[in-house]
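Taking it in order: structure first as structure tokens, then the write-up.
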Amino acid sequence: MEEKEIKDELASIRSLMERSSKFISLSGLSGILAGIYALIGAVAAYYLITTNTSRVYPYHGYYSFDHLFNSLVGQLLIIAIVVFVASVGTGIILTNRKAKIKEQAIWGSTSKALLFNMATPLIAGGLLMFIFLVHGYYGIVGPSSLVFYGLALVGAGNFTFTMVKYLGLCEIAIGLIAACLPGYGLLFWAIGFGLLHIIYGSMMYFKYDR
Amino acid sequence: MKVPFEKLDKAFENRLRLQIMSVLMVNDRYDFNSLKELLDTTDGNLASHLKGLEKEEYIMVHKTFLGRKPNTTYEATDKGKTAFKQHLDALEKLIKQQKSG
């Protein structure tokens, strides 16, 4: 066997090991865009909060859904949902495109494992936050959304680029800091979902996308 | 220059077998259809090489049903994992010797 032949063989083994166990088609560009959407959402939320005349009184009781969705909290919730849907949509489209280039199935065993590991903390956290929201604990939503999202990323990191795991740890740290400093929820939310995504997305983009 | 060709595993002489083994090294279990897709090969070719690895006791076959469809998954045995590592070590040594020789 020639040296080059052996080297090719080893390289193909390494690539197979990676392709079969890790979903390497995640798009870095979609991370950057998700960060930008989050920053736009945060600016809109800040605008809503500062111009809103009817203050949201911290009321630890039960709100009717009607009241909840007509209030400031409801409008903020809508912004959050729009940002989430836009980010996920962009992510799916760009990842699909990259999966075609990388010749990796977008709905294969690796992406299934990735989604399952991400969805578990996200759905559990989402439901918990919704329950707290209905009870009027608004302050808890910002920090805990960061923490649960971080946990989802740490779990997902086993099935894709290791960098995703570090992003998750950063999100958890920011969420915990936000929990210590009530009143700055939106700022930390903008850092966690906006700034961190843009930094991480650019790193991924320059390292893997091109 | 002494080349340790005898250390290279005959069972891995075929490229596809080595590829199957690499996939099973990093995944607990892998099913037939995913393997076929990943390695871009035909049913018959893949099946015959899987048989070969099974005969060497390098892999274990699990047959289950997903609803009414048969689902066959494969798992590397300890023997298979050891053999794979030794084979890679031998390949590495070959490169090193060719460099120094």
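Overview of results
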item	result
Subset tally (residues that are more than 14 Å from the chain's Cα centre (by Cα) and among the aromatic types (Phe, Trp, Tyr)) for segment A:27-46	1
Whichever residue in segment B:64-94 is more than 13 Å from every other protein chain (Cβ to nearest Cβ) and touching a strand residue (DSSP E or B) at 6+ places or on another chain (Cβ under 8 Å) and, among such residues, is surrounded by the most Cβ atoms within 10 Å (Cβ to Cβ)	B:80
Subset of segment B:32-41 that is over 22 Å from residue B:85 (Cα atoms) and of a type outside the set (Phe, Trp, Tyr) - its residue that is surrounded by the fewest Cβ atoms within 10 Å (Cβ to Cβ)	B:40
Unique residue being under 10 Å from the mean Cα position of the chain (by Cα) and modelled with pLDDT under 90 when the list is B:15, B:29, B:68	B:15
Residues that are surrounded by 20 or more Cβ atoms within 10 Å (Cβ to Cβ) and at pLDDT 90 or above, drawn from segment A:130-143	A:143
Breaking point among (1) out of contact with any Pro (no Cβ under 8 Å at 6 or more places or on another chain); (2) at pLDDT 90 or above; (3) closer than 28 Å to residue A:15 by Cα, for residue A:113	(2)
Where a residue in segment A:161-179 is modelled with pLDDT of 95 or more and its partner, wherever it lies, is among the hydroxyl-bearing types (Ser, Thr, Tyr) and surrounded by 18 or more Cβ atoms within 10 Å (Cβ to Cβ), with Cβ under 6 Å and at least six apart	A:167/A:200; A:171/A:149
Index of the failed condition, residue A:105 passing every other in (1) within 18 Å of residue A:25 (Cβ to Cβ); (2) in contact (Cβ under 8 Å) with a residue 12 or more places away in the chain; (3) in a loop (DSSP other than H, G, I, E, B)	(2)
Boolean, residue A:185 is in contact with a Leu (Cβ under 8 Å, 6 or more places away or on another chain) and under 22 Å from residue A:85 (Cβ atoms)	no
Options A:195, A:151; residue that is in contact (Cβ under 8 Å) with a residue 24 or more places away in the chain, part of a helix (DSSP H, G or I) and buried (at least 20 other Cβ atoms within 10 Å of the Cβ)	A:151
Long-range neighbours under 8 Å by Cβ, at least six apart or interchain, first residue more than 10 Å from chain A (Cβ to nearest Cβ) within segment B:10-38, second crowded, with 20+ Cβ neighbours inside 10 Å and outside any helix (DSSP H, G or I)	B:11/B:58; B:32/B:74
Those residues of segment A:82-140 which are among the basic types (Lys, Arg) and over 18 Å from residue B:34 (Cα atoms), in sequence order	A:97, A:98
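Condition check ((1) loosely packed, with under 14 Cβ neighbours inside 10 Å; (2) touching a residue at least 24 places away in the same chain (Cβ under 8 Å); (3) within 15 Å of residue B:12 (Cα to Cα)) across all residues:
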position: B:43; (1), (2), (3): yes, no, no
position: B:58; (1), (2), (3): no, yes, yes
position: B:62; (1), (2), (3): yes, yes, no
position: B:96; (1), (2), (3): yes, no, no
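The values are calculated or read from the model by the stated rules, or taken from the named source; none is laboratory data. It should be emphasised that the depicted structure is a prediction, and the values quoted were computed from it without experimental measurement. Glycine gets a Cβ as well: all are built from the backbone with ideal geometry, and neighbour counts include every protein chain shown.
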